[in-house]
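Trainee: Submitted below is the structure of interest, expressed as structure tokens.
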Amino acid sequence: MAIATAARSPERCSAVISESAQAYLDARIVEGVRIESTAPRTMGLERLALYHGGQAEWVLDAWAGTWTDPAFGGWSLRTDLAAIRCRPSSSMGTKTNTPRRAIPSSCTA
């Protein structure tokens, strides 16, 4: 959301910090989402419940359903990244199914 906002209101944005954000969708990301969404749900649901309460399972299903839907396959932030005037800074966790090489250099400081 930060990147999209910076692209649409560049005059109001002096910096963009994006944490663990996806910039585009490809087969590796879809596979990672499938793995995460079909793994034993106990730990993931407990963590989601801290923020989403009784809707944790719905949140997980909605997240996985969106990212694995073929209609969402062409989604990308590349156009938004090109439109922002400030330098974006992005970080990814070390325990992610997204290979580091899949993170575009335009998304990192």
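The values are calculated or read from the model by the stated rules, or taken from the named source; none is laboratory data. Since the structure is predicted, the reported quantities are computational estimates derived from the model, not experimental observations. Quick reminder, even Gly has a Cβ in these numbers, built from the backbone with ideal geometry, and neighbours come from all protein chains shown.
Trainee: Restricting the first residue to segment 63-86 and requiring it to be more than 20 Å from ILE17 (Cα to Cα), which pairs with a second residue that is basic (Lys, Arg) meet a Cβ separation below 9 Å and a spacing of at least six or different chains?
Mentor: ALA64/ARG34; TRP67/ARG34; THR68/ARG34
Trainee: Looking at TRP75, TRP58 in this structure, which one is closer than 30 Å to ALA6 by Cβ and over 17 Å from the mean Cα position of the chain (by Cα)?
Mentor: TRP58
Trainee: Keeping to segment 20-57, report how many residues are outside any helix (DSSP H, G or I) and either free of Cβ contacts under 8 Å to residues at least 24 places away in the same chain or under 14 Å from ARG87 (Cα atoms) (or both).
Mentor: Summing the residues that are outside any helix (DSSP H, G or I) and either free of Cβ contacts under 8 Å to residues at least 24 places away in the same chain or under 14 Å from ARG87 (Cα atoms) (or both) in segment 20-57 gives 3.
Trainee: Going by what's in this entry, would PRO10 be described as at pLDDT below 90 and over 15 Å from the mean Cα position of the chain (by Cα)?
Mentor: yes
Trainee: For residues that are assigned to a loop (DSSP other than H, G, I, E, B) and farther than 22 Å from THR38 by Cβ, scanning just segment 63-91, find the one that is modelled with the lowest pLDDT.
Mentor: Result: ARG87.
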